[in-house]
Amino acid sequence: MNSNQTDKIRPNSWIASVPMYQPGKPIEETARELGFTDIAEIVKVASNENEFGPAPSAIKAMKDNAELMHRYPDGGCFYLKERLSKHLEVTPEHLILGNGSNELIEFLGHCYLNSDTNLVMSEYAFVVYRLTAALFQSQAIVVPAKDYGHDLEKMLEAITPETRMVAICNPNNPTGTLLSSDEINHFLDRLPSHVLAVFDEAYIEFVDKSLQSDLISRIKAGAKNILLLRTFSKAYGLAGLRVGYAVAHPELIELLNHVRQPFNVNAMAQAAAIAALDDQDFIQMLKEANRSGLEFFYQNIPTGIEYIPSSANFIMVKTGDATKHFIELQKKKIIIRPMAGYGLPEWIRITIGTEEQNRRVLAALAELS
Ligand SMILES: *Cc1c(COP(=O)(O)O)cnc(C)c1O
């Protein structure tokens, strides 16, 4: 036997053609490539991270828990579920934690997607849904956007008997658009009973309460066709720890637990997330900083450059040749995300950062060729 003949070990036929997610480059990598030595000078506003860092309470919790890391985590996330259930006013049985909300999207794939089923999503929406469909040999039915946001009417029309899930990102990444609760209620009232509505609310903390759709009340009232996805990666500033959660009917949560690895959320993440939830003043501060940062962008984006008003912590701006501008901005030590991969080659997405970062980005936008 020749052990070098690895081509004899045949992978599942569809795996090699599953597209891979293209993340924003780490700061260190950009610095290396461009020969910059001082990483602190680089403004990375490419991944919608929280530029203010984790809440001080979360940093303290991480330090306090460092010496316990020889232990496996609590796979059931008992204390984090308890803390979250208070925060959201649901029971712990309504919750499941994931290694980032991305892992929960994969759980949904395990449960509902295969070559006989499909998922409905919007154009210009978070690509992970498309990748997950491919991973499970399922079809992603991509519905054209309306004013860069979700066209819920067309999404309803696109549903087939084989549809298992419809994914709605609200606010949407990368466009920053928000659906009103009237639009969502009207949609849910007509959603066929064989389809699960997955609401990805990764940026919900940046939205005023009065503009949020109250999907948790529907779930508490017994709806089994709604699942909310949220994360600690954005407003809570814990992207590096990987922790997200789903809120849904306990029967649905129980199903998802069947595909969960025993220790999917690490112990540091659990400790930090609990502490971060305790610091709602920090979230409030961030929300206000984000609001004024967005206003600053609206007022100072050079005239003639189009942008989409945003409900999240980023803004999409039409600079023209985004791929070229990505490189131009990089030379000024600014990393943004060009949107060609989303079918928007003229647009870039910029995370709202600190005042100083916002100023630097706007000054650089004014100098684009
Ligand atoms: C950033 C983001 C997430 C978060 O993913 P995590 O795995 O929790 O870091 C989820 N959905 C959308 C739409 C996002 O933009």
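Side notes on the structure shown:
- Value of [θ]222 nm, deg cm²/dmol, for the chain, DSSP H segments ≥ 4, -39500 (n - 2.57) each, nearest 500: -11000 deg cm²/dmol
- Packing around the peptides 28-35, 165-172, taken as the average count of other Cβ atoms within 10 Å per residue, puts them in this order, highest first: 165-172, 28-35.
- Only Lys, Arg (+1) and Asp, Glu (-1) charged, at Cβ; the chain dipole about Cα centre in debye: 620
- Where labels lie 7 Å past Cα in the beta-carbon direction, separation of ASP147 and GLU254 in nm: 4.3
- The chain: C-alpha gyration tensor shape, a/c 1.5 cut-off, then a/b vs b/c: rounded
- A simple spin-label model places pseudo-atoms 7 Å from Cα toward Cβ; at SER292 and SER115 they are separated by 5.8 nm.
- Peptides 205-212, 227-234, ordered by how many other C-beta atoms sit within 10 Å of their residues on average, highest first, read 227-234, 205-212.
- Sites ILE9 and ALA66 - FRET efficiency at Förster radius 56 Å, r taken between beta-carbons, to 0.05: 0.85
- Relative contact order of the chain, taken over Cα pairs closer than 8 Å and 6 or more residues apart, is 23 percent.
- Pair GLU162, GLU346: separation of 7 Å Cα→Cβ label points (nm): 3.5
- For the residue pairs LYS86/LYS234; LYS44/LYS331; LYS146/LYS287; LYS287/LYS332, alpha carbon separations beyond 23 Å are given by LYS146/LYS287; LYS287/LYS332.
- DSSP bridge pairs, the chain: antiparallel proportion in percent, nearest 5: 50
- Distance from the stretch 103-160 to the stretch 185-255 (C-alpha centre basis), Å: 16
- Model label zone, SER85; criterion: amide N under 18 Å from point 7 Å along Cα-to-beta-carbon; scope the stretch 225-255: 228, 245-255
- Peptides 148-157, 43-52 ordered by average Cβ neighbours within 10 Å, highest first: 43-52, 148-157
- Anisotropy class of the stretch 26-123 from Cα gyration tensor, a/c 1.5 cut: oblate
- Prolate/oblate/rounded call for the stretch 114-168, Cα gyration tensor, a/c under 1.5 rounded: oblate
- Two-site FRET efficiency, ARG190 against SER210, from Cβ-Cβ distance with R₀ of 22 Å, rounded to 0.05: 0.35
Readers should treat all values here as calculations from the given coordinates under stated rules, not as data from a laboratory. Source: prediction; values computed, not measured. Glycine gets a Cβ as well: all are built from the backbone with ideal geometry, and neighbour counts include every protein chain shown.
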